[in-house]
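So the structure is just underneath, and the comments pick up after that.
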Amino acid sequence: MKIDRLLSIIMVLIEQNKISASKLAEMFEVTPRTIYRDIETIQAAGVPIVTYTGTNGGIGILENYKIDKKFFTKEDMITIMTGLGSISSSVTNSGLNKVLTKLQSLIPEDHTQEIKLKSGQVVIDLTTWSGNKKLQANLIKIKEALNQRRYLIFKYLDGNGKSTERKVEPYQLLWKEEKWYINSYCTMRNDFRLFKLSRISYLKVLDETFSLREFDMEELRMNWSEKRILNIKLLVDVSLKERILERCEEENITYCGKNKMIVEFPFVDDDFGYELLLSFGNKCECLEPVEIREKLIEKIRNMLHIYN
């Protein structure tokens, strides 16, 4: 595609001081005449092109237009590329890939291998093992709606299994507790609401656009970040220690005997919190508080009723 060739030519010109039209034509398997037309297009887009005449002439970009390769340190490049790589693992986005390509062009040749190696030493992969294709498709639709300020409409299944149709103004995609959420203004509730993507079906981006509401981004963040955390007391088998330490410190643990631990465990009183405790199976018992213990007993009885 022409646009890909134009971008690639720009990246080559950023990387090199100057290069001949014939060399560019050879690289992209087109004629020199096509390259000159491409250069005219690039100039028309506002990129300051410089041509050098003579035996050692060629085409280049005005030096003060380029980003100095010394602007970012090696550590900066490793951090940026690791971060962008983690985002691209979860959201398919050609723009991100182009940014990564541009950044790679800024790496001095003598540091290329080292930065590539070190940026690959920390891998943040937000995708699931099973690779939910519907979730990936919905993420792309939501990103489109966010960028274009377009309404979303979808069916939403609440915690009680009730399905309702929602029309929302999307404001923020959120990855929290190993799940994707969308922070939106819900026209049915006339307020901001947090929707879990796994509960969304029949998602559609509408042509209708909306005007941004006046809101405080920090306040929007508080909607999901400040759920009340309770410290509950658990009696846990030591075989669960690794999972326990994912959510609390060693100081929260008191050992009793060889095989058991008493744990002061941070707990959020919602569906995810109970699902987490139940996932520990018969290797975990909630000792306190009584109300959390009783809710767990009720949920276990309801599960048992299914199999009786």
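Here are some notes:
- Residue-level analysis places E40 outside the set of residues that are modelled with pLDDT under 85 and part of a helix (DSSP H, G or I).
- Among the residues making up the range 207-216, a single one is in a strand (DSSP E or B) and either in contact (Cβ under 8 Å) with a residue 60 or more places away in the chain or over 18 Å from E144 (Cα atoms) (or both): T209.
- Selection status of A25, under 39 Å from the mean Cα position of the chain (by Cα), modelled with pLDDT of 85 or more and among the small types (G, A, S): yes
- Residues within the range 137-160 that are closer than 12 Å to W180 by Cβ and at pLDDT below 80, tallied: 0
- Applying the criterion of being of a type in the set (A, V, I, L, M) and surrounded by fewer than 11 Cβ atoms within 10 Å (Cβ to Cβ) to the residues of the range 201-221, the residue that is modelled with the lowest pLDDT is M217.
- Tabulated pairs, the range 281-300, first closer than 16 Å to V238 by Cβ, second of a type outside the set (A, V, I, L, M), C-beta under 6 angstrom, 6+ apart or interchain: K283/D237
The values are calculated or read from the model by the stated rules, or taken from the named source; none is laboratory data. Computed from a predicted model, the values in this text were never measured in an experiment. Glycine also receives a Cβ, built like all others from the backbone with ideal geometry; neighbour counts cover every protein chain displayed.
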